[in-house]
Amino acid sequence: MNYSLNGHCFEDDVLSVLQIFYPNQSYKLTKNDDKIGFYAVSSAGGGVFGAELYFKGDKISSFYLESDCSDIKEIKRNIKLSLYFAIKKVIDIKTPWGILTGIRPAKRAVDMYNEGFKKEEIERALKEKYLVSDERIKLTMSVAEAERKILANNNDKKISLYIGIPFCPTRCLYCSFTSYPIDKYLKKVDEYIECLKKEMAFLSERFKDYEFESIYIGGGTPTALNEKQLETVLEYIKRYFKKPVEFSVEAGRPDTITSLKLKILKNYDVNRISINPQTMNEKTLKLIGRQHSVEDFIRAFYEARKQGHNHINTDLIWGLPGETALDAEETMKKIAQLKPESITAHTLAVKRASRLKEQLGSYKLAQYEEMEKMLAVCSQYTKDLGMHPYYMYRQKNMSGNFENVGYCLDGCEGIYNVQIMEEKQTVIAAGAGASTKIYQRKGNNVERVFNVKSVDDYIARIDEMIQRKVIFFDKYLNDN
């Protein structure tokens, strides 16, 4: 799929609209005037924003709008609008989020609240300026309200910590995270943990005067570590960091969970864990490469309750290959019987680095109408369980152009999830592939520093990772 830009350089905005209507395609920026195959031209100049579509050299659609705006955000919005309406003439599919792109739909609403806009004004802007559907406006506003309650407690001395454990038993079909098969890295896990200890020791000294609101151990699958290794990591965290309000661990894969690991987590004050079936369909579990059964998940869930865990989240993915709304109904029936405190509902995203992307032609994926039914099933069941949506994010190439939503009981909102999405708090991070984000209240922006993704590189270059942070903190950290 070829496209060109005339009079502007906002390539990402053009791509974001193309991806709404034509997901999982390859896109090429070109100046080719032959317009072979499908070709989109986006133009801006002289107060006119336009888009033209060609197929095999023939113009098949166009749309133009006039505006004398000079604000960059408005220029980008008009570029997106012109292309959106040009494509809409050719392929009139439902687009629940209109032209609103980016991973944080509620962030715009939260920012507008902070700028002094009223609820009705925000809703009108989402509908009229961004073409968001009524259902998604309602969802956005509900999430924004929940997030604002958590963000209201932020201050410059309150931060969060992420610890990355990049090991998994196997790699799932849809996964693109930084993750390594633990059976092939058994001899390096202990060395990795020692490097993690070194980085945590540095971070704890640098942030000794700060309050840790949340600590999140993610991955990978942290419970892929054996009991001794898991306890070692938790012991280091206890040694170096103050006890947070929220301490979350991605227990993740039921096939990695044991009674002893759950007991260890509880003994080290972990007060939120995530046990993730993704689906309660045995056939799908095998297809996507999960080495556990539905019964394994149920066993792990009840064992967690037995060990005293009273906040359990479950991750589910809607739109897995071959699944329908009937499968979603069956999954939610079984999950509802367990009564978790929170449910994170993901819409399948075909990620570039996943096996699913490489083998896309081999699988049947749900289209918009079926995805809409699946999400409706989830929404109704979470409502019946007394849950409300509290955070949300989106990704590229999501089935049906939908979203991921976190639902929870009152008082069970995942603090870390909100902070990482809204980017109104500093989040420091340790481990391979970890990203540290410094929030600067003055200017309302975030600066980032990244660790290398490879486990081998992280071990070999741990001193360099720490030195990167020394320079980064000296430059961007504002101690108030």
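The values are calculated or read from the model by the stated rules, or taken from the named source; none is laboratory data. Given the structure is predicted, the values throughout are model-derived calculations rather than measurements. Cβ: placed from backbone, ideal geometry, glycine included. Neighbour counts: every protein chain shown.
Can you find, within the range 1-29, the residue that is farthest from LYS94 (Cα to Cα) among those that are of a type in the set (S, T, N, Q) and surrounded by 14 or more Cβ atoms within 10 Å (Cβ to Cβ)? Within the range 1-29, the match that is farthest from LYS94 (Cα to Cα) is SER4.
Here is a check on your reading of the model: is THR223 in contact with a Pro (Cβ under 8 Å, 6 or more places away or on another chain), surrounded by 22 or more Cβ atoms within 10 Å (Cβ to Cβ) and of a type in the set (Ser, Thr, Tyr)?
Details: in contact with a Pro (Cβ under 8 Å, 6 or more places away or on another chain): no; surrounded by 22 or more Cβ atoms within 10 Å (Cβ to Cβ): yes; of a type in the set (Ser, Thr, Tyr): yes.
No, not satisfied.
Filtering the range 293-311 to residues that are in contact with an Asp or Glu (Cβ under 9 Å, 6 or more places away or on another chain), surrounded by fewer than 19 Cβ atoms within 10 Å (Cβ to Cβ) and closer than 21 Å to SER248 by Cβ leaves only ASN310. Kindly establish whether LYS238 is at pLDDT 95 or above, under 30 Å from VAL294 (Cα atoms), surrounded by fewer than 20 Cβ atoms within 10 Å (Cβ to Cβ) and not aliphatic (A, V, I, L, M). Here the answer is no, as LYS238 does not meet what is asked. Taking the range 271-386 as the region of interest, the helices (runs of 4 or more DSSP H) fully inside it that hold 1 or more residues being touching a residue at least 60 places away in the same chain (Cβ under 8 Å) are 282-288, 355-358, 368-384. You will find that of ILE75, ILE99, the residue that is outside the structural domain of LYS129 (by TED's automatic domain parsing), in contact with a Cys (Cβ under 7 Å, 6 or more places away or on another chain) and either surrounded by 15 or more Cβ atoms within 10 Å (Cβ to Cβ) or not in a loop (DSSP other than H, G, I, E, B) (or both) is ILE75 and no other. Which one is nearest to ILE72 (Cα to Cα) among residues in the range 28-38 that are modelled with pLDDT under 90 and not β-branched (Val, Ile, Thr)? Once the filter is applied, the top-ranked residue is LYS31. For the range 30-43, taking the residues that are under 18 Å from SER62 (Cβ atoms) and hydrophobic (A, V, I, L, M, F, W, C), the one that is surrounded by the most Cβ atoms within 10 Å (Cβ to Cβ) is identified as ALA40. Listed by position, the helices (runs of 4 or more DSSP H) contained in the range 388-480 that have at least 2 residues being surrounded by fewer than 16 Cβ atoms within 10 Å (Cβ to Cβ) are 455-460, 462-476. Does the range 283-301 include one or more residues that are at pLDDT 95 or above and touching a Ser or Thr at 6+ places or on another chain (Cβ under 6 Å)? No, because not a single residue in the range 283-301 is at pLDDT 95 or above and touching a Ser or Thr at 6+ places or on another chain (Cβ under 6 Å).
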